[in-house]
1. With the structure loaded, tell me whether residue 147 is over 19 Å from residue 203 (Cβ atoms), without any contact (Cβ under 8 Å) to a residue 60 or more places away in the chain and touching a helix residue (DSSP H, G or I) at 6+ places or on another chain (Cβ under 7 Å) or whether it fails that test.
2. Could you identify the single residue in 372, 342 that is touching a Lys or Arg at 6+ places or on another chain (Cβ under 6 Å) and on the phi < 0 side of the Ramachandran plot?
3. Among 377, 368, 389, 351, which is the only one that is out of contact with any Gly (no Cβ under 6 Å at 6 or more places or on another chain) and in a strand (DSSP E or B)?
4. For residue 342, are the conditions met, namely being of a type in the set (A, V, I, L, M, F, W, C) and open to solvent by 60 Å² or more (accessible area, probe 1.4 Å)?
5. Can you report the number of residues in the range 153-209 which are open to solvent by 70 Å² or more (accessible area, probe 1.4 Å), within 26 Å of residue 105 (Cβ to Cβ) and of a type in the set (Asp, Glu)?
6. Among the basic types (Lys, Arg) and under 11 Å from the mean Cα position of the chain (by Cα): which single residue out of 264, 224 fits that description?
7. Closer than 21 Å to residue 107 by Cβ, open to solvent by 10 Å² or more (accessible area, probe 1.4 Å) and either part of a helix (DSSP H, G or I) or free of Cβ contacts under 8 Å to residues at least 60 places away in the same chain (or both), is that true of residue 262?
8. In the range 27-46, what residues are open to solvent by less than 40 Å² (accessible area, probe 1.4 Å) and either over 23 Å from residue 266 (Cβ atoms) or in a loop (DSSP other than H, G, I, E, B) (or both)?
Amino acid sequence: MKKLFALLEEGVTAAHAVEFVKKDLLSAGFLELSLGDEWNLQENTGYYVNLYHTNAVAFKTGRMTGKKPVFRIAMAHSDYPNFQIKPEPMVKGKNVTKLNVEIYGGMYQKSWLDRPLGVAGRIIISGKNAFEPESLLYKSDLNLCIIPSLAIHMDFELNKKGALDTAKELVPLMSLCEQSDILAYIAKEMGIEKDKILDYDLYLYNKEGPVLVGIDQSMLAAPKLDNLTSVSAISESLGQTAPPDDTIDVMVIFDNEEVGSRSKQGADSELFPLILERICSSLHLEGFEKSDIMANGFLLSIDVAHAHHPNYEEKSDVTNKAYLGNGFCIKRSVGQKYGTTADTAAVLKTICDKEKIPYSIAINRTGISGGATLGPIVTAHLPMPCADIGMPVLSMHSAMELGAVADYHALKDFIKAYYAYRVSGCSL
């Protein structure tokens, strides 16, 4: 759990999460690659591909014997619902300065009220030339903002109301001084002049860190369990596992999943298929084509699942309940919101039975549509066998989410077994 806690503490934005993973893998001996450089890949070596700050690809090669390699892929996303700070962000009022923000993703709004909030993201300054600006990571040490709720005495209907007015009720307070300037504050902290800032991607984040909960400390409460539990489990597993012969174990972290995935660093792009093809060409695999990647591969889409809520029994499926503490979830959807099929579920169950890893089935109650994942998006570009799995959580998309320690361990154990599973090929 040590690395998961560290990632939850440090990964306050997608850029920070990817930077944490990058440093961790490079310290474990992975070699860094850039898209603009020539790749000379070797057997039995780990590589990290430097991409667009908020997403990443890493992979390990096994010993190549001349056979067409099997691709064992696991993917997750780095972003989560929060508040993004708009351009020209200062909103001046009498004895107060507020921040102009916009909601990113489908957050549970009320969970963000009355919490200490920090500011973090990327600051963009001039670089070598106009087409190569420099990106600097920023994370505030202080609690810089708060969104105060209205006192119940002033509106006795508050507990009955639903969504909040974003432009009125979800505006963060930053100072009791009318002259405060968030960019001037950040520039001073970073040791640069404010006029050097060309642009930024800045977000508010919940300053509360991860904690263990319960008389037996069996529960984990933290911001960003969706989806940093998956990012941590994949990166840890990749770093600790040696691929079988003729196997390439791959981790891919996408950004922008919470807003539709249609971006250059999102799942609904050609970036990842192009990288897979480049891996093949760099290993000098004669006659290897994109269709071979699809035929000789398997794709895990890893994102959190909805756990059974003990206070809302009616929200779970009648016969399929993902209880906290019963293992990771195999996610199913009749409406194809997940990539799992009967065939790919059988693959997962076989591995679990062999390694004695606990799991449950997560499927929405009839009439509750639920969300979608990376699996169906990526397989539209790479039509290969796919399964959706994840750690079950409560309070998904809240400022503080809840999961079980045992389920994280089960998820990580499964991914390690998946990466290390020896098979001559996969054709489902």
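1. So residue 147 fails the test.
2. Criteria check complete, one pass: 372.
3. 389
4. So residue 342 fits the description; yes.
5. Counting residues in the range 153-209 that are open to solvent by 70 Å² or more (accessible area, probe 1.4 Å), within 26 Å of residue 105 (Cβ to Cβ) and of a type in the set (Asp, Glu) gives 3.
6. Only one candidate qualifies: 224.
7. Criteria met by residue 262.
8. Result: 30, 39, 41, 45, 46.
The values are calculated or read from the model by the stated rules, or taken from the named source; none is laboratory data. Being a predicted model, the structure only gives us computed values, none of them experimental. FYI the Cβ positions are ideal-geometry reconstructions off the backbone, even for glycines, and counts take in every protein chain you see. Accessible surface is based on the protein model in full, side chains and every heavy atom, while ligands, DNA and RNA are left aside. Shrake-Rupley method; radii C 1.70, N 1.55, O 1.52, S 1.80 Å.
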